[in-house]
Amino acid sequence: MASKDPNADNKKDQEENNEGAVRPSIHIQLIRHAESENNQVYRDARRICKGGTPDFDLEGWNAYVDKHRSADPGLSTTGKEQANKLADFLVEDLAGRASTPVRVVTSPMRRTLETIRPTLERLKEGGDWASSSSSDGNGGGSPASVIVNAFYHESEGCHIKDEPKPGMNRREISSLLVPTALDPSDLSFEGFDPNNEDAGWYSHGTGPETRPESEDRAARFYVWLCEHLDQQLAEASHAPDVFDAGVAGSPTLRRTCLCIGHGDFMALLLKRIVAGFGYTHEREGVTHRSAFVHVNTGITDLEYFGAGRFLLMASNQTPHLPHSLRTGGGLKDGWSYLMPDDKFVLDAEVAIAFSDEIEGHLREQADALRRLYGRKEDSSTDREGTKLEKTTGETEDEAASTTSSRGGEVTLVVKRGLQVVGCASFHEETGRISDVVVRPSARRSQVGRTLVDSAREHAKKVGADRLVAEPDTDEARAFFEKLGFESVEAEDGDAADGRRMEAKP
């Protein structure tokens, strides 16, 4: 009989308690903008019109707000003082813990840009830290890089008396930051019309954004932010500033991302971060299930470990503000939760925790993936009348199908842990598979094959005699050829223009 390994029990214990796992992370700070001129307008309106009392003057309130409110206001006098206090704090604080460039993601609204501008200007002035702490370990480089993300604006958008305003365009935003705060090469844009330099970030608006539209946009920004951070974590093997900060003796200067946003929209984002997409979606007429309050320039610290895993370290901090400058909200205590390892981020665990909204969060993420990475003409999806049905799974990827009432159309999703990493549509009557979308960080990892294999399984189940694809790029055609699809002539009335391919289920 073979003798038992004397270290076997210890090895098993180490695997179960997971003490030896390496967890590289990125430090994130969500920062609300400083007090805006509109914040001051509403505060003055409450005082003048006796808000919160039996003598509240609603007509006077509306008249005062309509007269003084701006669609995209700058900072108030108090807000400018808060922004300078924030810069004093951040520049000193970042020098002790952050590598360069400091990554900044900001809303396109004027009040957020004016909030972070003093910090960027002081970082650009330079110093020993800014010139020697670059993330490539070689010194030099820019002290900060900024992405202005059009998805990150405040709820309701940009409007006056329900009339939409376009907001600033890329050129106007650049003029606020370049050259005093940034070099042109350190500024980029996300979510703007790439073909129209004059289009503002809210040019698509038809009026004030509705609550469901804000919720959908929060899902989109959450998916974008995770992808943005996941791609940086992929550099952990060769980037000296991405490492496990929980290890004794680890380096000091770390990859750091500042997100400059808005109180209400940050609350929508934080619900998705904390709840892992469960208990997150609010509709008009539905009571709020959770909220996170931030005072002006309040800072929330998070750690991001990849695959949608966040650790909330502290919430709504204002170490830079005296009590007299605290405006715009109250303290909201945050909480932390144990960070599971990859193998523990399972569908069963999520289903137990959020069983009444699993279907909703899958649809929400799939819709966000289509809007971000799919063809624009195929980015609209129906969020109502669906039913979840598990079909197949492959290793850590799990595929599910969401069956819609729209004439037998099925949505296939592949999920890893809490994240949807790929989705596709399959029509039961025609056998057509379309809208195949995979997150960039998940490509070349069999996600696309898993989607097509799941479509094959479902086709057999419903009795479809063929699968049909109409790839519109050479890369997509090569993908389907590898999976057994062959070119066929278009049928009568088919507008595939020679793109039609078929395969047996």
* **Cα gyration tensor shape for segment 75-126, rounded if a/c is under 1.5, else prolate or oblate** => oblate
* Stretched out fully, how many nm does the piece from A234 to T210 gain, at 0.36 nm a residue minus the Cα gap? -> 5.0 nm
* Structure fact -> So, for the Cα atoms of segment 63-210, Rg and Dmax in Å stand at 16.9, 58
* Taking the Cα centre of segment 38-97 as the origin, how large is its charge dipole in debye, to the nearest 20, when only Lys and Arg (+1) and Asp and Glu (-1) carry charge on their Cβ atoms? -> 40 debye
* Roughly speaking, to the nearest percent, how much of segment 22-172's 1.4 Å accessible area is carbon and sulfur? -> 45 percent
* Spin-label point model (7 Å from Cα, Cβ direction): what's the D57 to M313 distance in nm? -> 4.9 nm
* Asked: In sequence order, what are the phi-derived ³J(HN,Hα) couplings for segment 45-50 according to the Karplus relation 6.51 cos²θ - 1.76 cosθ + 1.60 with θ = phi - 60°, rounded to whole Hz, with x for glycine and proline?
  -> 5, 4, 5, 5, 9, 6
* Asked: Give me the Kirkwood hydrodynamic radius of segment 425-495 in Å, from all C-alpha pairs, to one decimal place?
  -> 13.0 Å
* Could you size up the charge dipole of segment 225-277 around its Cα centre, putting +1 on the beta carbon of Lys and Arg and -1 on that of Asp and Glu, and report it in debye to the nearest 20? => 160 debye
* **Over 31 Å between alpha carbons, listed pairs K67/K271; K67/K124; K161/K271; K85/K161** => K67/K271; K67/K124; K85/K161
* To do: Please compute P(r) over all alpha-carbon pairs of segment 159-205, binned at 5 Å starting from zero, and give each bin as a whole-number percent.
  => 5, 21, 26, 20, 16, 8, 4, 1
* Structure fact -> What the 10 Å binned alpha carbon P(r) of segment 198-261 shows, as percent of pairs per bin from 0, is 16, 33, 25, 17, 9, 1
* Structure fact -> Shape descriptors of segment 46-108 over alpha-carbon atoms, Rg and Dmax in angstrom, are 19.0, 54
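The values are calculated or read from the model by the stated rules, or taken from the named source; none is laboratory data. This is a predicted model, so every value here is computed, not measured. Note: ideal-geometry Cβ built from the backbone for every residue, glycine included; neighbour counts use all protein chains shown. The accessibility values were calculated without ligands, DNA or RNA, using every heavy atom of the protein model including side chains. Shrake-Rupley method; radii C 1.70, N 1.55, O 1.52, S 1.80 Å.
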